[in-house]
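Read the structure below first, then the notes.
The values are calculated or read from the model by the stated rules, or taken from the named source; none is laboratory data. Note that the structure is a prediction, hence the values are computed from the model and not measured. Glycine gets a Cβ as well: all are built from the backbone with ideal geometry, and neighbour counts include every protein chain shown. Areas reflect the complete protein model, heavy atoms only, side chains present, ligands, DNA and RNA absent. Shrake-Rupley method; radii C 1.70, N 1.55, O 1.52, S 1.80 Å.
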Amino acid sequence: MQNLRVTIERGPDQPNAQREFDVPAQANQTVLDVVSWIQQNADPTLSYRFACRVGMCGSCAMMVNGVPRWTCRTHISKVLEGDSVTIGPLRNLPVIKDLAVDMDPFFDKWVAAEGVHHGALTRDDPIAPVDPAEAARGQADAGIECINCSVCYAACDTVTGNPDYLGPAALQRAWTLLNDSKDSARNAILEAVSGVGGCHNCHSIGSCTAYCPNDLDPLSAIAGLKRETAKSFFKRGR
């Protein structure tokens, strides 16, 4: 049986920062299958994160040959370079251990971008209707399937160079809420995304959109925020 040469890149400050394993090749084998085989058969100390295994939770995201991917949905045959592959923790996030990263900075930036629903009604109020044909509703729906996997955050070179940058996922969430008729904090959102680490830091490289496993388009959402914050600025200046 053919073996795969798998290099696991752990956090730079960890012992055995880079270690190579021989892993038996199997039909329809995913990158997550490979990582699981190593943990179960070669290195029981290897730490990594996964849950659903079917591309719904996003928790298994890792760097595969330098590219952020959901490992449960990535077949090893698609990413092999010869018989070799290198797997590491997601870029732009602190490494807890091995392939598991600390997601707190990612979610802290969601909060900083006002990426939380701001409701104005109580449970005693009638449910406000939503018009699915409304243009703003279409903009909101375009990003609503984000599952917080942080692939776009790991792909973003602006995040790498600017730790204060809110990042594509947080900004896409802000754009979603800005276009949601049920959200009541439009001004707070615009203020949050126009500051030091806000949308105008984006260099429009587009890695976020290119690598999103759910085919979302954070780049367009960020462009929308740039337009709306500019409009708001000039309106205030009148």
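So the values come out like this:
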| item | result |
| --- | --- |
| Computed over region 3-101, Kirkwood Rh from alpha-carbon pairs, angstrom | 13.2 |
| Charge dipole magnitude, Cβ of K and R +1, D and E -1 - region 172-238, Cα centre, debye nearest 20 | 420 |
| Cα centroid separation, region 204-228 to region 52-84 (Å) | 21 |
| Length released on extending from residue 205 to residue 41, taking residue separation times 0.36 nm less the Cα-Cα span | 55.0 nm |
| Cα-centred dipole magnitude for the chain, charges only on beta-carbon of K, R (+1) and D, E (-1), debye, nearest 20 | 460 |
| Net lengthening on full extension, residue 236/residue 196 (0.36 nm per residue, minus Cα-Cα) | 12.5 nm |
| FRET efficiency estimate (nearest 0.05) - Cβ-Cβ, residue 53 to residue 124, R0 45 angstrom | 0.60 |
| For the chain, calculated [θ]222 nm from helices alone, where every DSSP H run of n ≥ 4 adds -39500 (n - 2.57) | -10000 deg cm²/dmol |
| Neighbour-limited loop hits for trypsin sites (Lys or Arg not before Pro), region 99-159 (at most 14 other Cβ within 10 Å; DSSP other than H, G, I, E, B) | 123 |
| Per residue, in Å², the accessible surface of the chain once ligands and nucleic acids are set aside, probe 1.4 Å | 52 |
| Heavy-atom accessible surface of region 106-200: percent carbon and sulfur, 1.4 Å | 54 |
| Contour minus Cα-Cα distance for residue 182 and residue 22 (0.36 nm per residue) | 52.3 nm |
| Charge dipole of region 3-101 about the Cα centre (unit charges at C-beta), most positive-ward option of 70, 88, 99 | 70 |
| Degrees separating the helix 31-41 axis from the principal Cα axis of the chain, which is the longest one | 50 |
| Rounded tilt (10° steps) of 168-178 against the dominant C-alpha axis of the chain | 30 |
| Set 182/231; 97/226; 78/109 screened for pairs whose C-alpha atoms are more than 29 Å apart | 97/226; 78/109 |
| Furthest towards positive pole of dipole, 161, 25, 45, structure part the chain, Cβ charges | 161 |
| Cross-link partners of residue 235 among aspartates and glutamates (Cα-Cα below 14 Å; sequence separation of 8 or more within a chain) | 191 |
| Debye intensity ratio in log₁₀ form over the Cα atoms of the chain, taken at each q of 0.13 Å⁻¹ | -0.81 |
| Convex hull of Cα atoms in region 104-236, direction-averaged projection (nm²) | 8.5 |
